[in-house]
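In what follows, a structure is listed as structure tokens, so that the remarks can point back to it.
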Amino acid sequence: MNARVEYVLRFGDNALVLAQRLCAWVAHAPIMEEDVALANVSLDLFGQARLWLAYAGELEGAGRDEDALAFHRGAGEFRNVLLVERPNGDFAETTVRGYFYDLWASLALAELSRSKDERIAAIAEKARKENAYHLRRSEDWMIRLGDGTEESRSRMQRAVNDFWRYTGELFLGDEVDATMREQGVGFDPTALREPWLERVRATFAAATLDVSSDVWMQRGGKQGVHTESLGYLLAEMQVLPRTISGAAW
Amino acid sequence: MMCHGERSERSEVGNGIEAIRALLDDVRDPEIPAISITDLGIMRDVRRASDGALEIVLTPTYSGCPATKAIQEDVEGTLREHGVENARVVVQLAPAWTTEWITQRGRERLRAFGIAPPEEVARCPRCSSASTRELAHFGSTPCKALYRCNACNEPFDYFKRL
Ligand SMILES: [Zn+2]
């Protein structure tokens, strides 16, 4: 597959899979305001996914639009990082997963907004502005729940320990990243690691949470090697268009 | 300033760019019907393309905003209704929309509708007090946050800055 198609799919799939995860919270969030917030964040991400996937489809030139890419690919064809496909768990887990992603996305989108590919730069700039609000919210919850009650702190720490192993992949580059960087289209993911860690340390200090020590970092999502849970997520997301071919609003 | 959108203008819409602009000034935001797409600053251009077609350039507010599609359809519907042919809507992402583009008239209309416009301070749209507090950053639509006025104690929507 063309490197640029592959590259754009990664950003689209990250947004799409996380959006699908978050919308499962609707009517289940602990408080009304959070129900609305999670739905809003999910909606922003669906919108971003649509912009990325529509562009990926155009670049591919095989007649697939954003819906075809979202609903008619199998798990092995998805290019999202493993972090975003992890199940929601409790509110602490959803918060920690969201914070890790939002912080990474804020750095990644800032890089992409300077891409030589004007379409990529435009989508990234749009997404970047929305992401700033997502990060503000998730960082706020990290601190409130980390530096909260004994119960909330222990749940947050458990979630951090659980998700840490999925953060390494965010900063791993491969051939696609290298090609995109050479063309001035993309960025070097390893360069985001230090600024990401620096902000995590500051947030964790305020949240009284501990950064996990060395754990084996999981990888593979960007290349299409996923955990079992993505299959279940896609089954639910894709069942309608796959059962009723050509279904439309 | 000319006041567009008068009913009398609608019957004699020509194909002039200004007439089209005036006509489309009647297209409302489906989620906040108090303001038009001109007020919101999302109609970026009305122009004649090289193939002779009329192009209406729209930019989305939030990328997941469901109103974007509805607005596009409303624009197309309004043009059709007035016999404007050979027109198309072009969605433009860059430069990204910002609340700075909401016009002065749009801000007044928001306030009159009970929504605090996107300014440095979220002033209460009822009593104008600047003493207000954020209750929830995410509100009933992607563009709004929920506030409460400390002076009159009323809750209100704030069109947040983007
Ligand atoms: Zn008031």
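Every number here is computed from the coordinates shown, using simple stated rules; none is lab data. Just so you know, these numbers come straight off a predicted model, no measurement behind them. Counting neighbours? That spans all protein chains shown, and the Cβs are built from the backbone with ideal geometry, glycine included.
Here are the numbers for this structure:
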item	result
Spatially proximal lysines relative to A:Lys116 (Cα-Cα < 27 Å; intrachain offsets below 8 disregarded)	A:Lys126, A:Lys129, A:Lys222
Whole-Hz ³J(HN,Hα) from phi, Karplus 6.51 cos²θ - 1.76 cosθ + 1.60, for segment A:58-71, glycine and proline x	5, 5, 5, x, 10, x, 8, 9, 4, 5, 4, 6, 6, 9
Quotient of C-alpha Rg and 2.2 N^0.38 Å, computed over segment A:1-124	1.07
Most fluctuating residue given options A:Ala15, A:Ala27, A:Ala121, as computed from a GNM of chain A linking Cα atoms under 10 Å	A:Ala27
Overall Cα dimensions of segment B:17-74, principal axis frame, Å, largest first	33, 22, 17
Alpha-carbon centroids, segment A:1-61 and segment A:125-141: separation in whole Å	14 Å
Order of A:Leu197, A:Leu107 under a 10 Å beta carbon neighbour criterion, fewest first	A:Leu197, A:Leu107
Sorted by Cβ density within 10 Å, fewest first, the residues A:Ser213, B:Ser131	A:Ser213, B:Ser131
Efficiency of FRET from Cβ geometry, A:Arg165 and A:Ala191, R₀ 22 Å, rounded to 0.05	0.55
Length added when fully stretched, A:Thr243-A:Ile31, from 0.36 nm per residue minus Cα-Cα	72.8 nm
Sites B:Ala53 and B:Arg148, calculated FRET efficiency, Cβ-Cβ separation with R0 35 Å, nearest 0.05	0.10
Modelled FRET efficiency - R0 51 Å, B:Asn86 with B:Glu134, Cβ distances, 0.05 increments	0.60
Helical contribution to [θ] at 222 nm, DSSP H n ≥ 4, -39,500 (n - 2.57), averaged over the protein assembly as shown, rounded to 500	-16000 deg cm²/dmol
Segment B:109-121 - phi-based ³J(HN,Hα) in whole Hz, Karplus 6.51/-1.76/1.60, Gly and Pro as x	5, 4, 4, 5, 7, x, 10, 5, x, x, 10, 3, 10
q = 0.22, 0.27 Å⁻¹, segment B:102-159: log10 I(q)/I(0) [Debye, one scatterer per Cα]	-0.76, -1.11
nm² value of the averaged projected area, convex hull over the Cα atoms of segment A:178-222	4.5 nm²
Contact order normalised by residue count of chain A, Cα under 8 Å, 6+ apart, percent	25 percent
Label-point separation in nm, A:Glu182 to A:Glu236, each point 7 Å along Cα→Cβ	4.2 nm
Residue exposure sequence - A:Val211, A:Val200, A:Val81 - by fewest surrounding Cβ within 10 Å	A:Val211, A:Val200, A:Val81
Cα gyration tensor of segment A:51-93 - equivalent ellipsoid semi-axes, whole Å, descending	27, 10, 9
Reciprocal of mean inverse Cα separation for the protein assembly as shown (Kirkwood radius, Å)	23.0 Å
Antiparallel DSSP beta bridges within segment B:30-162, percent to nearest 5	65 percent
Cα long-axis angle, helix A:91-112 against chain A (0 to 90 degrees, to the nearest 10)	50 degrees
